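The values are calculated or read from the model by the stated rules, or taken from the named source; none is laboratory data. Because the structure is predicted, anything quoted here is derived from the model rather than measured. Glycine gets a Cβ as well: all are built from the backbone with ideal geometry, and neighbour counts include every protein chain shown. What goes into the accessible areas is simple: the full protein's heavy atoms, side chains included, and nothing from ligands, DNA or RNA. Shrake-Rupley method; radii C 1.70, N 1.55, O 1.52, S 1.80 Å.
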Amino acid sequence: MTKLPPLREVIAKHGLSASKALGQNFLFDSQLLDRIARLPGDLKGAEVFEVGPGPGGLTRALLGAGAQVTAVERDRRCIPALEELGEAFPGQLKLIEGDALEVDAPALFSGKPHIASNLPYNVGTALLVGWLSAEWEPWWASLTLMFQKEVAERIVATTDSDHYGRLAVLAQWRSSARIAMPVHRSAFTPPPKVMSAVVHIVPTDEPPGVKFKVLERLTAAAFGQRGAPRR
């Protein structure tokens with residue numbers, strides 16, 4: 001594996017700090033990041049889509065696992081650090097500076113990529129809903145995503161749970177969702193006020209006779225009183 005400087009040194013070198021406005025929280029624990037990168041399975045030669053890589057903590061774990069990573073980063077302060085990471089893994093990292101909500105992600109890949117990301121808290125739910133609401137079969141192979149624990153619990157909630165709502169329906173009616181690991185707030189810099197969890201989602205067969213537009217109307221009627229999903 002390519003020898004890399006500690007992530008803290010990279011951040012110090014480039015004068016980076018997590019932006020609250022962009023929903024950033026940096027992860028430094030390389031063992032934790034390697035565990036996350038292993039959740040999709042064998043990534044050697046596989047395409048991976050990452051949103052909001054920041055200084056590249058998870059990115060280096062994905063690259064180290066042999067993935068071909070396409071990363072979308074909105075914060076231009078992080079671009080030089082990510083470019084250095086790309087030089088350390090020649091031909092494995094494609095970097096796009098932009099807003100993931102505006103990028104035509106499916107057009108970036110020749111096959112079905114795994115999506116793996118420590119999602120920015122302020123756009124994570126919107127991105128997930130977009131990925132789950134697309135035509136089926138989906139353009140992605142799996143989702144390995146970091147969320148606030150409360151959001152993660154709503155994604156995997158069962159019908160008898162107080163957390164059950166539109167996110168659970170979207171995540172489970174044609175895919176399988178589970179909490180793969182909890183992540184303590186102390187693992188992040190700066191530590192957020194809430195705990196986090198990594199959710200792993202894989203697509204399953206779409207139930208016959210159920211159309212997404214109909215399901216969308218039904219869930220809006222059934223759960224609309226609870227308000228929009230919190231992020």
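Taking the Cβ of ALA88 as the center, what net charge do the other residues with Cβ under 13 Å away carry, scoring Lys and Arg +1 and Asp and Glu -1? Don't skip to the answer; put the middle values down first.
Working: positive: LYS3, ARG60; negative: GLU83, GLU84, GLU87.
Charge balance in the 13 Å sphere: -1.
Carbon and sulfur together cover what percent of the accessible area of the stretch 104-231 at a 1.4 Å probe radius?
On the way: 3460 of 6440 Å².
Answer for the stretch 104-231 is 54 percent, counting heavy atoms of protein chains only.
Taking H as built 1.01 Å from N, whose amide H comes closer than 5 Å to the amide H of GLU47, not counting residues under 5 places away?
GLN68, HIS114
So what's the net charge close to SER133: Lys and Arg +1, Asp and Glu -1, counting the other residues with Cβ under 11 Å from its Cβ?
On the way: positive: ARG166, ARG174, LYS213; negative: GLU135, GLU216.
Residues close to SER133 contribute a combined charge of +1.
With a ≥ b ≥ c the root eigenvalues of the C-alpha gyration tensor of the stretch 20-142, is it rounded (a/c under 1.5), prolate (a/b larger than b/c) or oblate? Don't skip to the end; give the middle numbers.
Values: a/c = 1.39, a/b = 1.11, b/c = 1.26.
It comes out rounded by the Cα gyration axes.
Using alpha carbons only, how many angstrom separate the centre of the stretch 138-185 from the centre of the stretch 1-78?
Value for the Cα centre distance between the two parts: 22 Å.
Relative contact order of the chain: what whole-number percent is it, with Cα pairs under 8 angstrom and at least 6 residues apart?
Values: 406 pairs, mean separation 43.7, N = 231.
For the chain, the relative contact order is 19 percent.
Can you give the Rg to Rh ratio of the stretch 16-75, both from alpha-carbon atoms, with Rh computed by the Kirkwood formula? If you can, show how the numbers build up before the last one.
On the way: Rg = 11.7 Å, Rh = 11.9 Å.
Radius of gyration relative to Kirkwood radius: 0.98.
In what sequence, highest mean first, do 176-187, 144-155, 45-56 appear when ranked by Cβ atoms within 10 angstrom? Mind showing how you got there, number by number?
On the way: 176-187: 15.3, 144-155: 22.5, 45-56: 24.0.
My ranking of the peptides, most packed first, is 45-56, 144-155, 176-187.
Where only protein heavy atoms count, and the probe is 1.4 Å, what is the accessible area per residue for the chain in Å²? Provide the component values of the computation, followed by the final result.
Values: 11520 Å² over 231 residues.
That works out to 50 Å² per residue.
From the Cα gyration tensor of the stretch 137-180, with a ≥ b ≥ c the square roots of its eigenvalues, which class applies: rounded if a/c is under 1.5, or else prolate if a/b is larger than b/c, or else oblate? Walk me through the numbers on the way to the answer.
Numbers: a/c = 2.41, a/b = 1.37, b/c = 1.76.
Oblate is the answer for the stretch 137-180, as a/c is 1.5 or above yet b/c matches or exceeds a/b.
Net charge near GLN31: determine it from the other residues with C-beta under 13 Å of the C-beta of GLN31, scoring Lys and Arg +1 and Asp and Glu -1. Mind dumping the intermediate values first?
Details: positive: ARG35, ARG38, ARG60; negative: ASP29, ASP34.
Taking every Cβ under 13 Å from that of GLN31, the sum is +1.
Compute the Cα gyration tensor for the stretch 110-231, then decide on rounded, prolate or oblate, letting a ≥ b ≥ c be the square roots of its eigenvalues: rounded whenever a/c is under 1.5, prolate when a/b is larger than b/c in the other cases, and oblate in all that remain.
On the way: a/c = 1.99, a/b = 1.30, b/c = 1.53.
Note, shape of the stretch 110-231 comes out oblate.
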